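The values are calculated or read from the model by the stated rules, or taken from the named source; none is laboratory data. Just so you know, these numbers come straight off a predicted model, no measurement behind them. Glycine also receives a Cβ, built like all others from the backbone with ideal geometry; neighbour counts cover every protein chain displayed.
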Amino acid sequence: MTARFGWNPRRQRLAHSFGDFLDHEIRKAEFLEPVYVNGSFVTDKDAPEDVDVVLDLRLASDGRKWRGLTLMQKERDRFREQYYVDFWVNLPGRNNFADFFQYVGIKSAKFKGLAHTDRKGILRVT
């Protein structure tokens, strides 16, 4: 992650913090489901504020879904402060964050001359 997205000191700190987040929060809690990374960190922005992360629990057992949702609700603010990670969980239903994050969005589209409904890639970490 650092090799690809850590081209300046700010991005290197974010990449290291994201790695710490994966090791100390996601893997330690034994979540094996895919994690998607998005936001300005995976763009050409020089100084992103954070790393947007989605833990995909759509196919997980109900117990794992509950654990992930509880983790998000209780620890989201701490994750943002400690790791600079904006953490979400993806559950079955109408709100597919992994899908939503693939849209360029209004601000980026205007800046880059694209339609806001154009899609972009996101990173999947397993």
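Return yes or no: is Gly113 exposed (fewer than 14 other Cβ atoms within 10 Å of the Cβ), closer than 26 Å to Arg4 by Cβ and of a type outside the set (A, V, I, L, M, F, W, C)? Taking the combined requirement at face value, the residue satisfies it. Could you figure out which of (1) crowded, with 19+ Cβ neighbours inside 10 Å; (2) more than 21 Å from Thr126 (Cβ to Cβ); (3) among the β-branched types (Val, Ile, Thr) isn't true of Val51? With respect to (1) crowded, with 19+ Cβ neighbours inside 10 Å; (2) more than 21 Å from Thr126 (Cβ to Cβ); (3) among the β-branched types (Val, Ile, Thr), Val51 is out only on (2).
For (1) modelled with pLDDT under 95; (2) not aliphatic (A, V, I, L, M), each residue gets a yes or a no:
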residue	(1), (2)
Phe41	yes, yes
Val51	no, no
Ala60	no, no
Trp66	no, yes
Thr70	no, yes
Gln82	no, yes
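With the structure loaded, tell me whether Asp23 is surrounded by fewer than 19 Cβ atoms within 10 Å (Cβ to Cβ), within 15 Å of the chain's Cα centre (by Cα) and not in a strand (DSSP E or B) or whether it fails that test. Spelling it out, Asp23 is indeed surrounded by fewer than 19 Cβ atoms within 10 Å (Cβ to Cβ), within 15 Å of the chain's Cα centre (by Cα) and not in a strand (DSSP E or B).
Output the residues belonging to the range 54-78 that are within 19 Å of Leu123 (Cα to Cα) and of a type outside the set (Asp, Glu).
Kept after step one, since they are within 19 Å of Leu123 (Cα to Cα), are these residues of the range 54-78: 54-59.
Selection gives Val54, Leu55, Leu57, Arg58, Leu59.
Take the residues of the range 1-20 that are among the polar types (S, T, N, Q) and modelled with pLDDT of 90 or more: which is surrounded by the fewest Cβ atoms within 10 Å (Cβ to Cβ)? Lay out the reasoning, then the answer.
Pass one, the range 1-20, residues among the polar types (S, T, N, Q): 2, 8, 12, 17.
When the remaining residues are screened for being modelled with pLDDT of 90 or more, the result is 8, 12, 17.
Details: Asn8: 11, Gln12: 14, Ser17: 17.
Going through the qualifying residues, I end up with Asn8.
Taking Glu30 as the residue in question, decide whether it is modelled with pLDDT of 90 or more, part of a loop (DSSP other than H, G, I, E, B) and at positive phi. When the stated conditions are applied, Glu30 passes them. Every listed requirement among (1) free of Cβ contacts under 8 Å to residues at least 24 places away in the same chain; (2) not in a loop (DSSP other than H, G, I, E, B) is met by Phe18 save one, (1).
Which ones in the range 60-104 are at positive phi and surrounded by 17 or more Cβ atoms within 10 Å (Cβ to Cβ)? The answer is Tyr84, and nothing else.
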